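Here the structure comes first, spelled out in C-alpha cells, and everything after it is commentary.
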Amino acid sequence: MTTSGRESGTPQPHVRVTANRVRAEGDDLYFEVRGHGPAVLLIPGAGGDADLYAAVADLLSDEFKVITYDRRANARSTSNSPQNFEISQQSRDAVAVIRAAGEQAAFIVGSSSGAVIALDAARTQAHAVRAAIAHEPPCARVAPNAAKWQRFFANVYRTAYYLGPSLAGLRFIFGIQVPVRKLVKGHAQAVEYARGQQESRQHEPRLSSRDASNVLMKLELLPVTNYLPDVQLIRRNGVTIIMAVGQWTQDRKSWLGEVSRILAERLGCALVTFPGHHGSYTDMPHEWAATLRRVLRQAGGTEQPAS
C-alpha cells in the first residue's frame, strides 16, 4: 500500500510541522499539526509532553492529519497556578486543541493518563470524537485488586507531600508493573528524536521538570487513577471505543492489561494488542505507528483497506 508515492510507515525526514497555541480556560496550550487527511489527536500520558509522540506523528503524517499537544501545566503549555486537576477539563482541552487545528472532530488516541482522558472525552465530548483508542488506562478502580492499587497510589501521593515529588516518582515508577529501563530508554530516545526534528522550535519556553513532577504527583495522580469510566453513558453516546494493551503487559498479566481487558468487556468493544510495553510509542515508534495506522483504518479513518 502506498500513499502519495511513499510506502506507508516510511520515516518522513522532512515532515512539515505547524506549531501554535490555543487559549483554554486560563492557560495557553501548545500544539503541533502534521500532515493531511483524517484528523488524529494524540494525548500524552504522564508528563503531558507532545514530544514523546513526535516519531509516531511523523510516521502517520503521510496519511493522517496528526495533532499533538502539551497538556496544561506541562512542557510548553502554561501553568497558571492550578489548584486541582479535573479530567473533564482535560477533555475540554482536547476539544479546544482539535478546534484550534481547524477540525470539528478527530480520532482520539491516548496512552496511560492520556487514555483516561480519551475515555472521558467519549463520555463528555462525544460530538468531537470519531473514535477513541485507549492504551492501558491506569484506572485502579477497575482492576480486580482495586483496593490494593488505590492504597498504593494514595501512598505515593502522601510520599510526594511529605518527602517530595522525586522520591514519590521513584516509588510510582517502580511500583506500577512496567519495564522501568525500557521506559527510561524510550523517553530519552523520543526526546532526542524530537529535538533533532524541531531545531527551529527550540526557543519555546518549557516548564521545569520539577514543576511537571509536582503536577503529576500532587495534582494528577489521584484523579487519574481513581477515575471510573461511565461505561453506560459511553455506550449510549455511541462512540466507537477500542481498548489497547501492549504485548509486554499482556504477556505478564499486569494489572494494566487486566484493566484494558475488563473495560473492553464492559464496553463491548475490541481489545487490540500493540507492540511492546506501556510506553512503546517511544522506543518502538515504527511498530507502534504501524499498528495504530491499521486500527485507525479499521475504525474508519481512511477508505484504504488495511494492509
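The values are calculated or read from the model by the stated rules, or taken from the named source; none is laboratory data. Note that the structure is predicted; figures quoted are calculated from it, not measured. Please note: Cβ atoms are built from the backbone with ideal geometry, for glycine as well, and neighbour counts cover all protein chains shown. Please note that ligands, DNA and RNA were not included when accessible areas were found on the heavy atoms of the full protein model with its side chains. Shrake-Rupley method; radii C 1.70, N 1.55, O 1.52, S 1.80 Å.
Put simply, the C-alpha atoms of segment 133-177 give a gyration tensor, and the ellipsoid matching it has half-axes of 21, 13, 8 Å, longest first. Altogether, the Stokes-Einstein calculation at 37 °C and 0.692 mPa s, with the Kirkwood radius of segment 102-163 over Cα pairs as Rh, returns a diffusion coefficient of 249 µm²/s. For the residues Ala147, Ala122, Ala244, a GNM of the chain with alpha-carbon springs under 10 Å puts the largest fluctuation on Ala147. The modelled label-to-label distance for the pair Gln104/Glu192, using points 7 Å beyond Cα in the direction of Cβ, is 4.5 nm. Rolling a 1.4 Å probe across all protein chains gives Leu228 an accessible area of roughly 80 Å². Fully extending the segment from Ala154 to Phe174 would add 5.7 nm, taking 0.36 nm per residue of separation and subtracting the current Cα-Cα distance. Candidate cross-link partners of Lys253 among the lysines, defined by an alpha-carbon separation under 27 Å and a same-chain spacing of 8 or more, comprise Lys148, Lys182, Lys185.
One chain, two ends: His14 and Gln232. Fully extended at 0.36 nm per residue, the span grows by 74.1 nm beyond their Cα-Cα distance. In the assembled protein chains, Val239 presents an accessible area of approximately 20 Å² (probe radius 1.4 Å). If Lys and Arg each add +1 and Asp and Glu each add -1, what is the summed charge of the other residues whose beta carbon sits under 12 Å from the beta carbon of Gln250? That works out to 0.
Helical runs (DSSP H, four residues minimum) scored at -39500 (n - 2.57) apiece and divided by the length of the chain put the mean residue ellipticity at 222 nm at -12500 deg cm²/dmol. Only Cα pairs under 8 Å and 6+ residues apart enter the sum, and on that basis the relative contact order of the chain stands at 20 percent.
Ignoring any ligand, DNA or RNA, what whole percent of the accessible area of the chain comes from carbon and sulfur when the probe is 1.4 angstrom?
49 percent
Accessible surface ranking for Thr249, Thr124, 1.4 angstrom probe, highest first: Thr124, Thr249. Averaging over all projection directions, the Cα-based convex hull of segment 256-298 occupies 3.1 nm² in the image plane.
With a cut-off of 13 Å between beta carbons, the residues surrounding Ala24 carry a summed charge of 0, where Lys and Arg count +1 and Asp and Glu -1.
Highest average first, the peptides 188-196, 49-57 ordered by how many other beta carbon atoms sit within 10 Å of their residues are 49-57, 188-196. Assuming charge only on the beta carbon of Lys and Arg (+1) and of Asp and Glu (-1), the dipole of the chain about its Cα centre is about 640 debye to the nearest 20.
Each other residue within a Cβ distance under 14 Å of Ala160 adds +1 if Lys or Arg and -1 if Asp or Glu, for a net charge of +2. Accessible surface for the chain, divided over its residues, is 42 Å² per residue with a 1.4 Å probe.
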